[in-house]
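Read through the structure below, which is laid out as structure tokens, and then see the notes.
None of the figures in this text is laboratory data; all of them are computed from the coordinates on show. It should be emphasised that the depicted structure is a prediction, and the values quoted were computed from it without experimental measurement. For neighbour counting, all protein chains shown are included, and Cβ atoms are generated from backbone atoms with ideal geometry for every residue, glycine included.
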Amino acid sequence: MTLLVHDVTLTYPDGDTRLTALDAVRLEVPAGTLAAVVGPSGSGKSSLLAVAATLVTPDSGRVLVAGRDVSLLSAAGKARLRREEIGIVFQQPNLLPSLTAAEQLQVMAHLCGRPARQARSRARELLAAVGLADKADKRPHQLSGGQRQRVNIARALMNEPAVLLVDEPTSALDHERGAAVLDLLVTLTRERSTATVLVTHDHAHLERMDRTAMMRDGRLTCAADGPPAR
Ligand code: ADP
Ligand code: MG
């Protein structure tokens, strides 16, 4: 199992008590499959991604990424695991304004100490995979919102992550562009064999997903209208 979230509980301080953001959440995502997590705002979706991304340590439970038990890693070990095995796509692309699309990707390889030449060719290949072969030399202001989100996705794949975590990627896009981005995520998950978790509050397009789970008040359950979250 490439991503395993096992009985994870996460609380935040909330006045005199604690707020339970994740309540014994269990999620297994094999390589090459995409699990969608849907649920209303405030239900715990981003908290789940933060835990899976090793950015937040849960109160209890275990997270395994590419076979590594995150609780056994030092801070430096987690940072390394994130660089090498985890791709994260946030809602807002957060691209660097002065860099071209290709350079946004090459920075990632540079952070991992990979050779620049190899990074250049991989950046071009990934931009082609997300349908932006002809935009490699454009800067963010020369791209549409949908194109920027595609650069964001390509950037997350730059270091060949085993796990791809995607938080509400379509919230700033119209229906049609949102559907195209979701199709792209499904295709990339298959082609690149990532264990992908896609979080959304949007119930549209869920038929494109391998599995759908519902988040409500920190509890993750199988969606009634989709295949079960194993
Ligand atoms: P979603 O992504 O589904 O909107 P979140 O995971 O962001 O939900 O939030 C789940 C709950 O945890 C919410 O009640 C939110 O207010 C609370 N929460 C999220 N992050 C923090 C934090 N850093 N400190 C305290 N409470 C938080
Ligand atoms: Mg959120």
When only alpha-carbon atoms are used, what values of Rg and Dmax, in angstrom, describe region 59-181? 15.4, 47
With +1 on the Cβ of every Lys and Arg and -1 on the Cβ of every Asp and Glu, the dipole magnitude of region 45-119 about its Cα centre, in debye rounded to the nearest 20, is 120 debye
For LYS45, list the lysines whose Cα falls under 18 Å from its own Cα; do not include residues on the same chain fewer than 8 positions away. none
Which percentage, to the nearest 5, of the DSSP beta bridges contained in the chain is antiparallel? 50 percent
Checked the chain against the a/c 1.5 cut and the a/b vs b/c comparison, axes a ≥ b ≥ c from its Cα gyration tensor; verdict prolate
What Kirkwood hydrodynamic radius, in Å, does region 126-230 give when the mean of 1/r is taken over all pairs of distinct Cα atoms and then inverted? 14.7 Å
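How do the peptides 71-82, 173-184 rank, highest first, by the average count of neighbouring beta carbon atoms within 10 Å per residue? Each step should come with its number before you reach the end.
On the way: 71-82: 13.2, 173-184: 16.2.
Ranked by mean Cβ neighbours within 10 Å, highest first: 173-184, 71-82.
Going by average Cβ density within 10 Å per residue, which order do the peptides 149-162, 209-222 take, highest to lowest? The partial results should precede the final answer.
Numbers: 149-162: 22.9, 209-222: 19.2.
Averaged packing, sorted descending, gives the order 149-162, 209-222.
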Burial ranking of peptide ranges 104-113, 138-147 (average Cβ count within 10 Å, highest at the top): 104-113, 138-147
In a solvent-free Debye calculation with one equal scatterer on each Cα, what is log10 I(q)/I(0) for region 37-120 at q = 0.12, 0.14, 0.17 Å⁻¹, listed in the order of the q values? -0.48, -0.64, -0.87
What size of dipole, in debye to the nearest 20, comes out for region 85-151 about its Cα centre when the only charges are +1 on Lys and Arg C-beta atoms and -1 on Asp and Glu C-beta atoms? 120 debye
Report, to the nearest 10°, how far helix 145-156 tilts away from the longest principal axis of the Cα atoms in the chain, using its own Cα long axis and a range of 0 to 90°. 80 degrees
Fewest-first ranking of THR33, THR20, using other Cβ atoms within 10 Å as the exposure measure: THR20, THR33
By the C-alpha gyration tensor axes a ≥ b ≥ c (rounded if a/c is under 1.5, else prolate when a/b exceeds b/c, else oblate), the shape of region 116-167 is oblate
